[in-house]
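The values are calculated or read from the model by the stated rules, or taken from the named source; none is laboratory data. Computed from a predicted structure; not experimentally measured. Reconstructed Cβ throughout: ideal geometry from the backbone, glycine too, with neighbour counts over all protein chains shown. Protein only, heavy atoms only, side chains kept; ligands, DNA and RNA dropped before computing areas. Shrake-Rupley method; radii C 1.70, N 1.55, O 1.52, S 1.80 Å.
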Amino acid sequence: MGAAVLLVDDDAAARALAAQALTMDGFEVAEASTASKARELNSSRRFDLVVLDLGLPDEQGLDWLVELRRVSTIPVVVLTGRSGVEDRVVGLRLGADDYLVKPFAPTELSARVTAVLRRVQPAPVHQTLDFGDLVIDEAAGEVRVAGELVSLTRKEYELLCHLASHPRQVFSREQLLVAVWNSSSEWQHPATVTQHVRRVRQKVEIEAGATPRISTIRGVGYRFDP
C-alpha cells in the first residue's frame, strides 16, 4: 500500500467519495466521522497525512488542528464547505498545508494529497530521463532532442518533467494544475494546461522533431508514452 491517510469527515457521502478516490490512487485510508475517533486512530498508528473537515459534530476541526500541531508536523489538507477567504487564511495560519472547498472533485483531492506529500518529502535525487531522441536532464534543468538544446519556459519544463516522470499515467487538467502550478480550477482556468501542452508539443515534437510522446486521452487528460 501507499501512504497512510486519515480521512476525518462526518459527511458520509463526501467521505465515501474521498476514500474511493484516494484508495484508487494507492493510498491506505482510515476513516473517522468525529474528532474523538480521529484522535483515537491517530494515537494508535502512524499516518502520513490527514484530510480534515472543519465542521465536525463533537468539536471544531480547527480546534483539533491546533491540538495536532502542538505535537506533530503531519501534513493536513483541510476539506470543508466554508469557502470564505478568511476561513482559508485562518486554516492555513493554524497549520493546514492545503485547503479544498466542498463540493470537490475526488481526483483533485487525491492530486492535492499527492502534491502535499511530495512537498514534505526529502528532495528527490535528480535524474536523467532518457527516451532515446528526447533526454531530460533534471540536474541541469535541460531538455535536449537529438543532442540539441530545446528552450522551454519554466512551466513548460516542469509540465514535461511531471508527465515524463510518470510514464503511461493519465493526468486530468485539474490534477496537472495542482501538481505543476500548485493551483486549482477553482481560481485558475484548466485551459492553462491545454495551452502549455500545445506549446511543449510545438517546441519539442514539431520544431525539434522529437518522437511524439504526449498523448491526449479524450475526455480524461494527458499521458506521456515513453
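With both residues required to sit in the chain, DSSP beta bridges show an antiparallel share near 50%.
Couplings 3J(HN,Hα) of the stretch 95-101, computed from phi: x, 5, 8, 7, 9, 10, 9 Hz, in residue order, whole Hz [Karplus 6.51 cos²θ - 1.76 cosθ + 1.60, θ = phi - 60°; x for Gly and Pro]. Counting only protein heavy atoms and a 1.4 Å probe, the chain has 50 square angstrom of accessible area per residue. Between Val76 and Val50, Asp97, Asp98, the built amide H atoms are under 5 Å apart, and every one of these is 5 or more places off in sequence or on another chain.
Can you pull the percent of the chain's accessible area that's carbon plus sulfur, 1.4 Å probe, other chains left in place? Carbon and sulfur together cover 50 percent of it. Each peptide in 146-152, 70-76 receives the mean, over its residues, of other Cβ atoms within 10 Å, and ordering these scores from highest gives 70-76, 146-152. Alpha carbon centre of the stretch 150-181 versus the stretch 45-64: separation in Å? Measuring centre to centre over Cα atoms gives 31 Å.
Modelled spin-label separation between Thr211 and Arg199, with each label point placed 7 Å from Cα along the Cα-to-Cβ direction: 2.7 nm. Against the main long axis of the alpha-carbon atoms of the chain, helix 35-44 sits at an angle near 70°. Computed from backbone phi, the HN-Hα couplings of the stretch 149-163 come to 5, 10, 8, 10, 6, 4, 5, 4, 5, 5, 5, 4, 4, 5, 5 Hz, rounded to whole numbers (Karplus: 6.51 cos²θ - 1.76 cosθ + 1.60, θ = phi - 60°; Gly and Pro given as x).
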